[in-house]
């Protein structure tokens, strides 16, 4: 109870950040300790199981080698019966017996060393078996050596007789009571050895299972520490929410009332000295400042509205000027190709609705390339400017569009105009350009600048048909050039 009260007292005087920090420290500590303990215990049991697995493998290997070597020396007498007549094979089998006997002695020494370092329950049985093997192997070796001494070397004079005598000696040894006793003892020891090998195999499987269990134990401990950390973090979150959320809810309620009611006389209660209490005091100060500044803001707002309105008018005027610059050709100061394309599509749509005619005049300065070569590009630019402005003066209606179509070509769009009206205007423009009497001494038509003009007229029907209006005017312009230039041709629909 004392510890609980002290803990509550410490937390009540702590800052919110410190309270949250204590919770995180506890959570992280438990998580780290759980992971470390899980890894440590898992490694301990895994190493222990791995050691047992190594011992079981070593034991199985040594005992299996011992059994195999003994089987080979046990078969030595029977092998001698076959090779006794061949001195080379006879010597080979004797050397093989000696080598296997050395391997057995070496394996027995290894088994003794293994038993010294291992404390398994089967070690006493293995030690007894090894001791018996040594005893019977020594006696068996002496019997085999005695057999070797009895065998007579084969002479060339009487090979068959010596062979039969030697085989009889070997068979007699095999059938002797002593050799039969050896076989019985070796068989008993081999059976006991097989049982121990089976036991070692079982130990090996147990060690493998223990390794798996060690890994599972590691995972369980780590998972448990994570679960515990999550539980503590949940409890900490609930507690933190309780000590922080309630004062914040009151503070939020006051703030919402101030916003909704525009009542800047409200004040938030300051009940604590922690961060929430300081926040409440700060909000109260802000409310007071807002109440003081609200009048000044209203006055500034009214002034700002007036300035914004004035600035908007200025921006609209600037935008109109900018649009005009975007749509004008920089050299001739008449509309450019982009504006013409937009105007044609717009007037075409209106003509489709109203079923009214649209006419188009396409103009080209005759032999303008020669003009440029004669008077230079500056002179050519001056000529284009004069011709463009004169065409613009001749077109009176606001709805008509005069634009530079490209290079020395100009185009006039005439909404609600039939072919006769378009031809009349084209003739006025041609005459006006001739009247200007702009010198063109190398022209093949006249000594002054002239225009060739093509005229087309259509009632809009399909959306994309406006392209045909341009093509027909262009074809008429081509015909005017073919007819000697400084003339007007118009498109006649043959259908």
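The values are calculated or read from the model by the stated rules, or taken from the named source; none is laboratory data. From a predicted model like this one, the values you see are computed outputs, not experimental measurements. Note that we place each Cβ from the backbone using ideal geometry, even for glycine, and neighbour counts take in every protein chain shown.
Looking at residue 421, is it out of contact with any strand residue (DSSP E or B) (no Cβ under 9 Å at 6 or more places or on another chain), surrounded by fewer than 16 Cβ atoms within 10 Å (Cβ to Cβ) and within 25 Å of residue 339 (Cβ to Cβ)? Considered against the rule, which asks whether it is out of contact with any strand residue (DSSP E or B) (no Cβ under 9 Å at 6 or more places or on another chain), surrounded by fewer than 16 Cβ atoms within 10 Å (Cβ to Cβ) and within 25 Å of residue 339 (Cβ to Cβ), residue 421 comes out as no. The combined condition, being surrounded by 17 or more Cβ atoms within 10 Å (Cβ to Cβ), closer than 24 Å to residue 492 by Cβ and in contact with a strand residue (DSSP E or B) (Cβ under 6 Å, 6 or more places away or on another chain), is fulfilled by residue 414. Check whether at least one residue in segment 16-25 is modelled with pLDDT of 75 or more, surrounded by fewer than 12 Cβ atoms within 10 Å (Cβ to Cβ) and within 41 Å of the chain's Cα centre (by Cα), and report yes or no. Checked against the condition, which is being modelled with pLDDT of 75 or more, surrounded by fewer than 12 Cβ atoms within 10 Å (Cβ to Cβ) and within 41 Å of the chain's Cα centre (by Cα), segment 16-25 yields at least one hit. A single member of 323, 355 is in contact (Cβ under 8 Å) with a residue 24 or more places away in the chain and exposed (fewer than 13 other Cβ atoms within 10 Å of the Cβ), and it is 355. Would it be correct to say that residue 292 is assigned to a helix (DSSP H, G or I) and modelled with pLDDT of 80 or more? Against the criterion (assigned to a helix (DSSP H, G or I) and modelled with pLDDT of 80 or more), residue 292 does not qualify. The residue that is nearest to residue 374 (Cα to Cα), counting only those in segment 447-461 that are in contact (Cβ under 8 Å) with a residue 60 or more places away in the chain and surrounded by fewer than 16 Cβ atoms within 10 Å (Cβ to Cβ), is 459.
Inclusion of residue 212 among residues that are assigned to a helix (DSSP H, G or I), over 28 Å from residue 54 (Cα atoms) and either at pLDDT 80 or above or outside the structural domain of residue 89 (by TED's automatic domain parsing) (or both) is not warranted.
For segment 155-202, filtering for residues that are modelled with pLDDT of 75 or more and in a helix (DSSP H, G or I) leaves 33.
Among the residues of segment 386-398, is any surrounded by fewer than 22 Cβ atoms within 10 Å (Cβ to Cβ) and either under 60 Å from the mean Cα position of the chain (by Cα) or farther than 19 Å from residue 335 by Cα (or both)? Within segment 386-398, none of the residues are surrounded by fewer than 22 Cβ atoms within 10 Å (Cβ to Cβ) and either under 60 Å from the mean Cα position of the chain (by Cα) or farther than 19 Å from residue 335 by Cα (or both). Checked across segment 468-480, the condition of being touching a helix residue (DSSP H, G or I) at 6+ places or on another chain (Cβ under 9 Å) and closer than 30 Å to residue 356 by Cα holds for at least one residue. Quick check on residue 62: is it in a helix (DSSP H, G or I) and surrounded by fewer than 17 Cβ atoms within 10 Å (Cβ to Cβ)? No: the conditions fail for residue 62.
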